[in-house]
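Presented below is the structure to which this report refers.
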Amino acid sequence: MKSSPMKKWLKYLIPVFSILIALAAVISILVYYFGLISDNIESDGRHHLKEIYGQVNHSFSAFIDKNWGLLRGCNDYFAFFADSNAPSEEAEPYIKAYVDGRKEVWGFSKFYFLDKARNFVTSEGETGQLSLAASWDGVIASGRDIIASEEIGGQKFTMFAIAAQAGVYKDFSYEAIAISYTNTGIAAALNANAFDSSAKCFIISRDGSVLFTTFEGGGSYANYFTYLSNSLAAAGIGEKRQKEITTQISQDMEQILQGEAADGEGGYLQTPLGKSGDVHCIVYMPVGGGNYGDYGDYFLLSDVPQETVSKGFLSAQSATMWVMLSIFSIVGVAIIVLLVARIVNQSRRSKTELRYRERMFDVLSGSVDDIFIMLDPESERVDYLSPNVERLLGIKNETVKKSIREMAKCAVDRNIVVPKEELDAISMNGNKHWECEYMHQATGERRWYRVTIYHMDINRVKKYIVVMSDRTLEQQMNQKLQEALDAAKSANEAKSNFLSNMSHDIRTPMNAIVGFSVLLDRSADDPEKVREYTHKIMASSHHLLSLINDVLDMSKIESGKTSLNVGRFSLPELLEELGIILLPQAKAKEQEFSIHTQGTPPELLMGDKLRLNQILINLLSNAIKYTQVGGHIDFTISEVEASPQYSKLRFIVKDDGIGMSEEFQEKIFQPFSREKNSVVNSIQGTGLGMAITKNLVDLMGGIIQVESAPGKGSTFTVELSFALAEPDESGDTWYRQKITRLLVADDEEDICLNIREMMRETGVDVNYVTSGSAAVDATVRAHKEGNDFNVILLDWKMPGMDGVETARRIRKVVKDIPILVLTSYDWSEIEAEAREAGINAFMSKPFFTSTLWQTLKPLFPDSASPIPEPVAPSESVMEGRLFLVAEDNELNAEILTEMLDMEGARCELAANGKQALELFERSEAGHFDMILMDVQMPVMNGYEATKAIRACPHPDAQTIPIVAMTANTFAEDVQNAFDAGMDGHLAKPINMDAVRKTVAQLLHRNDSQENQ
Amino acid sequence: MKKQLCIAAAFLFAALSPLSLSACSTDPLPDPDKLNIMGKRSDLQKPYMTRIFQRYEESGQGELNIMAIEDAVYEAKAQDYFRKGKAPDIFLHFHNADLNSFDLGNTFAVLNGESWVDDLTDSAKAYCSDGNANIIGLPFWESSVSGCYYNKTLLKEKGFEASATQEDFNGLCAALADLGQVPICWPAQCSWMMQFGLDPVFADDPELLASLNRNETGLDEIPAVKNMVQWIADAAEKGWFGEDYLDTGWDDISGKLSSGEAAMTFIWDSWFYTDFKAGKYSIDDFALMPAFLNTVPEGTYEGGNLNMMMVNKNSAKCDEALAFLSFCATPENYNAAFEGIATVSCFKGLTSNIQSKMVTEAQASISRKERVSTASTKIVGYSADDLAVLLSDLFRHKYSTAECLRKMNENRIMHAQEQGAAGF
């Protein structure tokens, strides 16, 4: 409940009023006390001042009396000589000695003998005249003793003079004698330097003329009343008051001199004086006090600052006050100390308890993940904050203490702000709560809190207590459960989708196979129909097979069982193989397929060649597949990053085919994704190729990107890093082979430049021309100069004179220089014509130095390898061959037997590995041409059988080609086959083209070895 | 004359300007047929000088060749003339430290035996003495007495008299200040005041002066000098110089004295005839007392800086030159030359001049307390302007008193080194 403003004011007004009354009372008492003290001090000061200067006056009159006495004594002494009528010159030494003796005792300056005219002669014989002014009048006549101020030789003196018995001294007739004192001398004699140097003590005549002053440097004062008037004026006192004061003093003096005042009482007044306006006490009294008439009209006047006069009293008073104050202070302090000690004790006890509680609460809150805050609702000031905030939310306690709003920065959703109105609406002892996710500012860790605000009344003060209860575990558990549920749902959905997809994709070709098999059965008598249906069954079978391969491959990749088989491989070889595989496909669709290199990518790399091959074949075959007849496919390889150990290569496959929509590009790498349009639908595909490619790229740590637009083609970019492999040849290989000059002829200058750049490291001097005729000219010219090229490299398809024609003309000039043709095309069609024209070998684009070297090696006399004969798959290679076939499945064995038979080959069957081993061991040398080995077989599997065969003493054990023929088609399976000692791998179902190619390669290898 | 000291620094650069130097391009040469007199151009143009030259030539005793040298290059040129054998017969010089460069003993005639020597005042004799009781020149020059000129009327109005001692003077200043009266007009932009205080320190102790000039003693090591600087600093602090003393220059002094704003100042008598303009108070209201600058208790007066006529004893016309000096020192001639000139007399028989009442009244005191101008003329490397600048810095609390003294000495040494003085 709010108190009214009036009550608030009253709450403060009463104590303030009480304090003011107490303060006023104290001040009044002090004013009264100090007024009383001041009066007393002034009274005491006046009394004190008069007393002091009464003593000074007494001393001074005694001093005068003594001097006059001294002079009378002298007069008596001198009178003796005067009366005796002794000659002056006889008396002088005595008089001088007498005067000198008195001077020594009394300290006067000089002794004077004076005549009526004030002429003098001193005891030392100096002569002169004194002024002595009016005071001199009647001295001799009346016999009065006088005191006077006199300036002699620029210095001031105070003179004491008396009438003397007439006499003669130094021939000078005198009637008076005098002595003089300097001011300093008189001051010392008077001992009148009371009140330190702040008091000015004057001896003045009634008209104010200054006889002397004890004040330091006071020799300059001429008339006290003039000085007083000026000093009053300087203090700002008006002329009227100035006159009153000076008149008062003057009149007092006159009254005293007239005998109208009490004997020697003198006068006293206080007035501000001088520029500073400080109050001075002026006390004045006739010299001689009650006997003033004996000392002329001189007055002793003293001018003392009141502060100086009261100093002693004030210091005594203040000392008393200090003592009293000290006593009261000590008692007061003692009481306060006792009270404070008691309060402190109580407070300490309370604080200790509080500290214990706080400490316990801190420890407690520090060890839990809940946060506690106490807030002032009005000012939002943080009264308490549990110390675990920094640990839990990564925000400093001080920061939150400065502003509770800083906490909001930790909230994940900063829009969750509880309006102040809602907080104000919380009833007393009520609460409000909500849940909020917070993020640790340093680690990013997220926590869920249930925030509850309690509105409390603590000691009549409204407070909010905020409890942030950590619900992270609960939330995480819920989240995991949700995720698990979602995953289960997703998995179920995926499974359903997969099954649906598989069902559809498998049933489709199976439907064709089953359907055409039925039709085939019905039309067995019609050869045309049989051929047609058989062809369609085979097509559907191949599609089904590729679908199964992809599904299995995908399955293995997704299950994480795929591993990379890293080994040394040659990039040129890989590209050549790609060309071999893909060029025929592109050629079949009359597409222009070109492979380019940019820069000088490294040739020997460490990596999984098989997987890289798979990636690139997927991309390139898709490009060919989804590009219309006559389209263009560009395959570019470049090095984007290089270091001494690694190289990052970029593979770009660009086509001008049908392209893809943006929607499809987003899910192109998802399994079973195929664009749905009329063109695509007509092309067979599993929808798994790009998903496999993406997974393989990921597996190899690379990236794959796609840019595409419907109708404008697609560009796939793959970037992969490879470790560099050590080169085979040493740097001076080319030099040792005496290959120092190379002529390149290509209509594309970039290719020429690229070759020259790539050959730079070899030290071979590369000359290039951009046409066939120029190549001929260059060759002729070099020959005439006796500086033939060592190798000539010709592009096949150049405008004007093509490579073959160029070679033909060159051969008319030079016979024994190796001429190579560099081409992106399948050269099999022109191979015979080319060789006839004098071309020694073919090289596929892109150009690599290692490819050139490998191509050239057989052409040089000291080369270890003979010129390779091109190996072309041929049906005749199988004919007459005897195979040992290890196959446990009778159906498969029968199919293979039939197929081999169709190829003109024969076979001997073994039902397992052991039988195969036994058959081989029993056979004569050279009996079998090759072993086709199934892997998964009872008794002894294919790997064991292969190892046993390789280990047996049969003469052909080390040389007979053994080829795996298995349904285990993964890379590991291939590697396992080679590791077991096999020479090749053929996947089931049997593809006779692959069989023929593998057989041809292996038999050719063996034949070559035998020839050696 | 001392105004020249004040403004000398201001015009130093102008005097050294190429224009001035170019005026020397036609250097006067001694005439073998005439009596050659060399002096500064401005000095030789003084009315009493031109009068005596004219009077001499009109007397038919001979002809004069006046060799006027530009003021700014006088010392250097004169030395050049003597070195190259073109020395004049009579050479005018102010008898300052630069005169030592002329090999005194071998160059100039000792004049003790001349008849006119007894006619010189004591202070003039002292000024023209070489320090060994030898009179080396005839002081044919205007002179003045420097001291504390005070407004006696104002002091009387305030109830004071002149001070006889430093202690009295301090008391007077304190009492005046207490009455709200500015005691002293201290033109901080001018530079001559300190030399009044320094004169007795060195004039009374020639050995101390010699030690200072041999660079064996520093200005900052001399107690009396320290006392003086400290007194000046204290006086400024106590308000004895008023409020605006730092901005007070030559042109302000007259106004402050004639209006009664200030009661006293340290200056010379002829100033009252050349620069003082009467206001509330006239020249008759002023009197002279010693200058009290806390170096000697009795105070001091500074005698005038006199230009001496010296005879080149190596000259063929040495006798003729001596005769010229005697001509000048004849009462009839010097009275004719100085008629109406406001100056303190160097000759006892000079009556035609205007001698200030102030000096006359204080004559007894002057005769006891006057010192020859020593600081500015005899201290090697002395620079009044430097001291004025350093004092101003002291007033502004830029330096402590000790630092100010140290810098004064450093500057003196620097100037002495620039002059190539021995021992520096």
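The values are calculated or read from the model by the stated rules, or taken from the named source; none is laboratory data. These numbers come from a predicted model, not from an experiment. Cβ placement follows ideal geometry from the backbone for every residue including glycine, while neighbour counts extend to all protein chains displayed.
Here are some notes:
- Of all residues in region A:880-897 being in a helix (DSSP H, G or I) and closer than 17 Å to A:VAL999 by Cα, the one that is farthest from the chain's Cα centre (by Cα): A:THR897
- Candidates A:VAL309, A:VAL283 - the one that is over 60 Å from the mean Cα position of the chain (by Cα), more than 14 Å from every other protein chain (Cβ to nearest Cβ) and modelled with pLDDT of 85 or more: A:VAL283
- The single condition among (1) closer than 27 Å to B:PRO88 by Cα; (2) over 22 Å from the mean Cα position of the chain (by Cα); (3) buried (at least 22 other Cβ atoms within 10 Å of the Cβ) that B:LEU405 does not meet is (1).
- Counting the residues of region A:212-248 that are of a type in the set (A, V, I, L, M, F, W, C), surrounded by 22 or more Cβ atoms within 10 Å (Cβ to Cβ) and more than 10 Å from chain B (Cβ to nearest Cβ) gives 1.
- Qualifying residue in region A:737-751 (condition: in a helix (DSSP H, G or I), of a type in the set (A, V, I, L, M) and surrounded by 20 or more Cβ atoms within 10 Å (Cβ to Cβ)): yes
- Residues satisfying the stated conditions in region B:363-398, i.e. part of a loop (DSSP other than H, G, I, E, B) and of a type in the set (Lys, Arg): B:ARG396, B:LYS398
- Contacts under 6 angstrom Cβ, first residue in region B:154-175 being within 7 Å of chain A (Cβ to nearest Cβ), partner charged (D, E, K, R), 6 or more apart: B:GLY171/A:GLU216
- Selection status of A:ILE395, within 15 Å of A:HIS455 (Cβ to Cβ), part of a loop (DSSP other than H, G, I, E, B) and modelled with pLDDT of 85 or more: no
- Residue satisfying all of: in region B:354-374; in contact with a Gly (Cβ under 7 Å, 6 or more places away or on another chain) and β-branched (Val, Ile, Thr); surrounded by the most Cβ atoms within 10 Å (Cβ to Cβ) among these: B:VAL372
- Checking B:GLU142, B:GLU157 one by one, the residue that is outside any loop (DSSP other than H, G, I, E, B), at pLDDT below 95 and acidic (Asp, Glu) is B:GLU157 and no other.
- Subset of region A:743-761 [closer than 14 Å to A:ALA774 by Cα and charged (D, E, K, R)]: A:ASP746, A:ASP747, A:GLU748, A:GLU749
- Filtering A:PHE593, A:PHE635 for residues that are surrounded by 22 or more Cβ atoms within 10 Å (Cβ to Cβ), farther than 22 Å from A:ASN695 by Cα, in contact (Cβ under 8 Å) with a residue 40 or more places away in the chain and in contact with a strand residue (DSSP E or B) (Cβ under 7 Å, 6 or more places away or on another chain) leaves a single hit, A:PHE593.
- Screening B:ARG396 against (1) in contact (Cβ under 8 Å) with a residue 24 or more places away in the chain; (2) surrounded by 15 or more Cβ atoms within 10 Å (Cβ to Cβ); (3) under 20 Å from B:TRP192 (Cα atoms) leaves a single unmet condition, (2).
- Going through (1) farther than 25 Å from B:HIS95 by Cα; (2) touching a Lys or Arg at 6+ places or on another chain (Cβ under 8 Å); (3) not aromatic (Phe, Trp, Tyr) one by one, B:ASN333 falls short only on (1).
- When B:PRO200, B:PRO183 are checked against the criterion of being within 14 Å of chain A (Cβ to nearest Cβ), of a type outside the set (Gly, Ala, Ser) and buried (at least 21 other Cβ atoms within 10 Å of the Cβ), a single residue qualifies: B:PRO183.
- Region B:41-91, residues that are part of a strand (DSSP E or B), in contact with a helix residue (DSSP H, G or I) (Cβ under 6 Å, 6 or more places away or on another chain) and of a type outside the set (Val, Ile, Thr): B:LEU64, B:ALA68
- Check on B:ASP220, acidic (Asp, Glu) and within 14 Å of another protein chain (Cβ to nearest Cβ): no
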